[in-house]
Amino acid sequence: MTRLARFWWLLALLFIAFYPPTLGGMSPYRCGILIFAGIYVILAVSLDLLMGYAGQISVGHAAFFAIGAYVSGILTARYGVSPLPAMIAGILLSAGVAWAMGRPVLALKEYYLAMATLALNEIVVTLITGMQGLTGGASGLRDIPAFNLFGFSFENHVRYYYLVWSVVVFVVLTSLALVRSSFGRTLIAIQSDETAAGSVGIDCPAYKVRVYVLSAVFASLAGSLFAHYMSFIAPDDFGVLTSINILVMLFLGGTGTIFGPVLGAVFLKLLPEVTYQFQDYEMLFNGVILIVVLLFLPRGLYGVVTAARGGLVRLLSGGSDG
């Protein structure tokens, strides 16, 4: 990692650490915005592992977001289970569903794969709506308790902010370590040419299922954090539009980068604070943004940042040479 990259990492961590008690003024509203941004960063990064590195299209990533949220919410609100075991249960169920569905679903290609993942999202939402006695149905699940860990409550918004962004840092660092390992290089090989990768002995279906399970685990983790922060969840929170929003964040930031989805998620969650008077047109804005990015910024915001950073380094180098 270059000295300039370390500087930007340090700057980002300092902002995360000191925003709430300083610039944020302990405001629940401002902390809430960044809490949601952090949750969607986890979702976008998890989808990037599947799409950006393994090349597997998913238009139903919110299905695992929903599983994590509802398992955690049901176990804590209805059965008095502690949040941490409930979160783990949601992760295990999401991993199990991803493992069971992985082989048949990921054997499909392109549009067929997209439609299959879309169908999974719809099935999960339909089950949530239909199982009214357990999930609350269309009316939603209420009275989900605040997250607590070993007796320490995160009910305070600043504490929850630190919890969420600690998980964000963990997910980002874990993902970076993964994509820079032999596993990550194998995923890139599969994305580049699955037939060629298989011809040299790579078990492509097994690797695709593994990354699918990992992306589901991270999405489930985000779902649990979402449920305990909101204390109320409903099927509409996890529909196809949510999956599309995650896709927009991924493409806006830049696929196959890990840092790109972080930028995309934060940008799209902060954008409504600037364009709040047009909140009824959120999907229109997202659609326009996606079209502009695909046409004119194929590398996303991360590509813009990287190019700007490269220009700055060349400018400084030229200045020092002179």
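If I stretch the segment between Phe267 and Ala307 completely, what's the gain in nm (0.36 nm per residue apart, minus their alpha carbon distance), one decimal?
12.6 nm
Pull out a ≥ b ≥ c, the square roots of the eigenvalues of the alpha-carbon gyration tensor of the chain, then state rounded if a/c is under 1.5, prolate if not and a/b is larger than b/c, and oblate in the remaining case.
Because a/c hits 1.5 or more and a/b fails to exceed b/c, the chain counts as oblate.
Under 15 Å from a point placed 7 Å out from the Cα of Leu84 along the Cα-to-Cβ direction: which residues of segment 155-171 have their backbone N that close?
Under cut-off, by backbone N: 163, 167.
What percent do you get for the relative contact order of segment 28-267 when only Cα pairs under 8 Å and 6+ apart count?
Computed value for segment 28-267: 43 percent relative contact order.
Alpha carbon centre of segment 96-144 versus segment 232-275: separation in Å?
Taking the Cα centre of each part, segment 96-144 and segment 232-275 sit 19 Å apart.
Starting at the first residue of segment 180-192, write each ³J(HN,Hα) from the Karplus equation 6.51 cos²θ - 1.76 cosθ + 1.60 with θ = phi - 60°, in whole Hz, x for Gly and Pro.
Once rounded to whole Hz, the list reads 8, 8, 5, 4, x, 5, 5, 4, 5, 5, 5, 5, 5.
Hey, in the GNM for the chain with a 10 angstrom Cα cutoff, which one of Ile16, Ile39, Ile190 fluctuates hardest?
Among Ile16, Ile39, Ile190, the largest GNM mean-square fluctuation belongs to Ile16.
Distance from a point 7 Å along Cα→Cβ of Asp143 to each backbone N in segment 49-79: keep the residues under 14 Å and list them by number.
Once the point is set 7 Å along Cα→Cβ of Asp143, 74-79 turn out to lie under 14 Å by backbone N, inside segment 49-79.
Could you pull out every residue, at least 5 positions away or on a different chain, whose amide H is within less than 5 Å of the one on Val59? Hs are placed 1.01 Å off N in the peptide plane, and Pro or chain starts have none.
The answer is Thr117, Leu118.
What list do you get for Thr195, Thr174, Thr76 if you sort them by fewest beta carbons within 10 Å?
In increasing order of surrounding Cβ atoms, one gets Thr195, Thr174, Thr76.
No value in this document is a laboratory result; all are computed from the given coordinates. Because the structure is a prediction, the values reported are computed rather than measured. Virtual Cβ from ideal backbone geometry, glycine too; neighbours counted across all protein chains shown.
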